[in-house]
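The block underneath contains the structure these notes are about, expressed in structure tokens.
The values are calculated or read from the model by the stated rules, or taken from the named source; none is laboratory data. Just so we're clear, the structure is a prediction, and the values are computed from it rather than from any experiment. As a convention, Cβ positions derive from the backbone with ideal geometry for all residues, glycine included, and neighbour counts pool all protein chains shown. Note: accessible area is taken over every heavy atom of the protein model, side chains too, but ligands, DNA and RNA are not part of it. Shrake-Rupley method; radii C 1.70, N 1.55, O 1.52, S 1.80 Å.
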Amino acid sequence: MENNKSVLWPEGILIALLALCGVFSLAFMMLLRPNPSEAQNRQSINVKNIAANAGTQQRIEKLKVAMLTSWQQGAQVKGLAYSLPSRFQGAVINAAKLTKGEKVIALTFDDGPWPQTTEQVLDILKSNNIKGTFFVVGQNLKNYPELGKQIVTQGHVIANHTWHHWYHFMNPQAAAFEIDRTTDLIYQVTGAKTNIFRPPGGMLHNGLAAYAKGRKYVVVMWSADSIDYKLPTVPKLINNVIRDSKPGGIVLMHDGGGNRSRTVQALPEIISNLRKQGYRFVTIPELLEMEDADQKLIAKKK
Ligand SMILES: [Zn+2]
């Protein structure tokens with residue numbers, strides 16, 4: 001900022017001169033027109049503008065850049081809704097049924113956003129050019145909204161994993177609170193409208209899944225469980241995923257809800273192992289689109 005002083009001084013004199021000119025012309029106009037309320041207002045606004053523009057030019061420029069950046073980011077995600085083929089609205093899925101057995105698999109991460117581990121998972125996915133699906137817990141998103149924003153701005157899919165992550169039975173009112181409040185916050189924080197739900201603990205009979213199905217969410221379970229929540233050794237965690245991997249599969253991992261350093265350690269190896277086997281990584285909406293396309297082809301052939 002030191003350099004700015006020398007630049008600002010001549011500008012300061014210029015402002016003073018301009019302001020003086022403004023005042024003189026204003027006085028002159030007042031003499032000419034006894035009741036120039038309109039003109040006077042315009043003139044005094046101009047005087048103010050000149051002073052404000054020159055004095056805070058740099059701050060305005062900075063603000064313009066900041067506003068443009070946030071507008072661009074906002075435009076990217078605002079109103080982002082995941083297309084969900086009608087056959088999956090209100091359905092429960094464990095994996096996609098792909099007729100050609102395409103080697104695609106979806107990595108999913110539950111219970112975040114979480115300090116450190118969510119960002120570490122995002123970095124690993126980014127360096128591998130992979131998009132994943134994150135099932136966030138509402139109260140965690142409330143605590144770490146910036147991490148939630150990062151999930152979406154980095155191109156991943158964000159999904160609903162309830163507000164409290166409770167397992168007990170819930171009546172429709174309680175289920176509505178758990179699910180609606182989380183979807184609303186996801187929208188407020190990220191601009192994404194999610195229609196993808198995973199019940200905590202994969203429990204399908206405590207009222208949550210029933211409510212989600214009624215609201216046309218797709219209820220997403222999994223076909224390969226890393227069992228990372230039981231804190232296995234890293235090699236065991238890797239093996240849990242690889243052992244149950246299959247085309248159209250959905251892998252369950254956790255980026256939040258506890259110490260997930262082992263998941264973070266295992267993830268690069270899981271990715272490279274699956275890649276060597278010829279797998280491509282897709283998000284849940286992409287996976288469902290693929291099954292939908294396959295099913296449409298079958299229907300056409302019949
Ligand atoms: Zn969970």
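Yes/no matrix, rows are residues, columns are (1) closer than 18 Å to T108 by Cα; (2) surrounded by fewer than 21 Cβ atoms within 10 Å (Cβ to Cβ):
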site	(1), (2)
H205	no, yes
R215	no, yes
D228	yes, no
L231	yes, yes
D244	yes, yes
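Within segment 83-100, work out how many residues are outside any loop (DSSP other than H, G, I, E, B) and touching a helix residue (DSSP H, G or I) at 6+ places or on another chain (Cβ under 8 Å).
Residues meeting the conditions: 4.
Of (1) under 22 Å from V152 (Cβ atoms); (2) open to solvent by 50 Å² or more (accessible area, probe 1.4 Å); (3) among the charged types (D, E, K, R), K301 satisfies all except one. Which?
Result: K301 passes all but (1).
When you look at K276, is it over 14 Å from L107 (Cα atoms), free of Cβ contacts under 8 Å to residues at least 40 places away in the same chain and within 16 Å of the ligand (Cβ to nearest atom), yes or no?
Answer is no for this residue.
Inspect segment 224-246 for any residue being touching a residue at least 60 places away in the same chain (Cβ under 8 Å), of a type in the set (V, I, T) and either within 23 Å of K126 (Cα to Cα) or not in a helix (DSSP H, G or I) (or both) and give the result as yes or no.
No: zero hits.
Please determine, by comparing only the residues of segment 141-177 that are touching a residue at least 40 places away in the same chain (Cβ under 8 Å) and crowded, with 24+ Cβ neighbours inside 10 Å, which one is farthest from P268 (Cα to Cα).
T162
Which strands (runs of 3 or more DSSP E) sit wholly inside segment 101-218 and have at least 3 residues that are in contact with a Lys or Arg (Cβ under 7 Å, 6 or more places away or on another chain) and within 14 Å of the ligand (Cβ to nearest atom)?
In segment 101-218, no matching strands (runs of 3 or more DSSP E) lie anywhere.
Within segment 275-295, does at least one residue satisfy the condition of being under 19 Å from P85 (Cβ atoms), in a loop (DSSP other than H, G, I, E, B) and open to solvent by less than 20 Å² (accessible area, probe 1.4 Å)?
Within segment 275-295, one or more residues are under 19 Å from P85 (Cβ atoms), in a loop (DSSP other than H, G, I, E, B) and open to solvent by less than 20 Å² (accessible area, probe 1.4 Å).
Here is a list of conditions, (1) within 16 Å of the ligand (Cβ to nearest atom); (2) at pLDDT below 95; (3) not aromatic (F, W, Y), and S83 meets all of them except one; can you say which number that is?
(1)
Can you find a residue in segment 252-268 that is at pLDDT 95 or above, more than 16 Å from the ligand (Cβ to nearest atom), surrounded by fewer than 16 Cβ atoms within 10 Å (Cβ to Cβ) and closer than 16 Å to I93 by Cβ?
No, there is no match, as no residue in segment 252-268 is at pLDDT 95 or above, more than 16 Å from the ligand (Cβ to nearest atom), surrounded by fewer than 16 Cβ atoms within 10 Å (Cβ to Cβ) and closer than 16 Å to I93 by Cβ.
Any residue in segment 280-297 that's in the same structural domain as V152 (by TED's automatic domain parsing): show its pairings with residues that are assigned to a helix (DSSP H, G or I) and small (G, A, S) at Cβ separation under 9 Å, as long as the two are six or more apart or on different chains.
That search, which allows pairs on different chains as well, returns D292/S86.
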